[in-house]
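This report concerns only the one structure given below.
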Amino acid sequence: MGEDINDTAKRELFEESGAIDFDITPICDYLCDYPLTEDKKSYYVRLFYAEINELGELPNSEIDKVELFDALPENLTYPEIQPYLHNIVIKYRSRNIYLAKQVKVIMERPLGSKHPNHEFVYPINYEYIENTIFGHGEEIDAYVIGEFEPLESYEGYVVAVICRKNDDEDKLVVSKNFDIYNKDQIRALTEFQERFFESEIIIFNNKTAR
């Protein structure tokens, strides 16, 4: 029997990385149209996200070695489309991987500080989550809610994701409690900055972190 597209993805992941223990999930299907294709044909393509748990030896194939990057390298095979697909993967991670996870936020813009370029003061603590990388090669930003003093750092759970529809970056919302703030309250607390963007809020609606 022939393999289907999902089996092909698993085989290709092994052949091109040596991955022997992994979890792989389809994210979306898209059309890759001429002139982006070398043979000037149109193809429907499926994008996958893989969490690799263990790498084995590279099989004898067209891949010479595997290198890891914190951001997209400059020399891409398909520079017209790969950055766009990379952003889709990053958004998938923020919406599906980080929600309900415990994280540490480093505050470079604490409550009461002024934005360096715009005329507003931060009414809540805000900045980035430690040990993360977003599509622009920098850490994922997060709002901290439920705390009313300026903080240097904060550990809590990702209780919501603000999915920006007209921007490459999503924002995470972090708190120690899952059941205090609803979507309307989160939107009101982050409106000082999120008013410039069209967005959807995905909220974690169980009271216990997984």
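Look through Ser175, Ser153 and report the one residue that is at pLDDT 95 or above and buried (at least 20 other Cβ atoms within 10 Å of the Cβ).
Ser175 is the lone residue from the list that is at pLDDT 95 or above and buried (at least 20 other Cβ atoms within 10 Å of the Cβ).
Does segment 137-146 contain at least one residue that is exposed (fewer than 13 other Cβ atoms within 10 Å of the Cβ), in the same structural domain as Phe192 (by the TED database) and more than 30 Å from Ile52 (Cβ to Cβ)? Talk me through it step by step, then tell me what you get.
Start the filter on segment 137-146 by keeping residues that are exposed (fewer than 13 other Cβ atoms within 10 Å of the Cβ), which leaves 137.
Filter again for in the same structural domain as Phe192 (by the TED database), leaving 137.
Still in the running and more than 30 Å from Ile52 (Cβ to Cβ): none.
The answer is no, given that none of the residues of segment 137-146 is exposed (fewer than 13 other Cβ atoms within 10 Å of the Cβ), in the same structural domain as Phe192 (by the TED database) and more than 30 Å from Ile52 (Cβ to Cβ).
Taking segment 132-145 only, how many residues are part of a loop (DSSP other than H, G, I, E, B) and modelled with pLDDT of 95 or more? Before the answer, list the steps.
Restricting attention to segment 132-145, the residues satisfying the condition of being part of a loop (DSSP other than H, G, I, E, B) are 132-140, 145.
From what's left, modelled with pLDDT of 95 or more: 145.
Residues flagged as part of a loop (DSSP other than H, G, I, E, B) and modelled with pLDDT of 95 or more within segment 132-145 amount to 1.
I'm checking my understanding of the structure. Among residues of segment 40-82 that are in a loop (DSSP other than H, G, I, E, B) and among the hydroxyl-bearing types (Ser, Thr, Tyr), which one is farthest from Asp29 (Cα to Cα)?
Among residues in segment 40-82 that are in a loop (DSSP other than H, G, I, E, B) and among the hydroxyl-bearing types (Ser, Thr, Tyr), the one farthest from Asp29 (Cα to Cα) is Ser61.
With respect to Glu191, is the statement that it is closer than 28 Å to Ile88 by Cβ, modelled with pLDDT of 95 or more and surrounded by fewer than 18 Cβ atoms within 10 Å (Cβ to Cβ) true?
Numbers: closer than 28 Å to Ile88 by Cβ: yes; modelled with pLDDT of 95 or more: yes; surrounded by fewer than 18 Cβ atoms within 10 Å (Cβ to Cβ): yes.
When the stated conditions are applied, Glu191 passes them.
Taking segment 105-158, which residues are more than 28 Å from His86 (Cα to Cα) and hydrophobic (A, V, I, L, M, F, W, C)?
Leu111, Phe120, Val121, Ile124, Ile145, Phe148, Leu151
Can you spot a residue in segment 86-95 that is of a type in the set (Gly, Ala, Ser) and in a helix (DSSP H, G or I)?
yes
Sort out which residues of segment 46-72 are over 22 Å from Ile97 (Cβ atoms) and either surrounded by 12 or more Cβ atoms within 10 Å (Cβ to Cβ) or not polar (S, T, N, Q) (or both), and write them in order of number.
Those that are over 22 Å from Ile97 (Cβ atoms) and either surrounded by 12 or more Cβ atoms within 10 Å (Cβ to Cβ) or not polar (S, T, N, Q) (or both): Gly56, Glu57, Leu58, Pro59, Glu62, Ile63, Asp64, Lys65, Glu67.
The values are calculated or read from the model by the stated rules, or taken from the named source; none is laboratory data. Please read all numbers here as calculations on a predicted model, not as lab measurements. For neighbour counting, all protein chains shown are included, and Cβ atoms are generated from backbone atoms with ideal geometry for every residue, glycine included.
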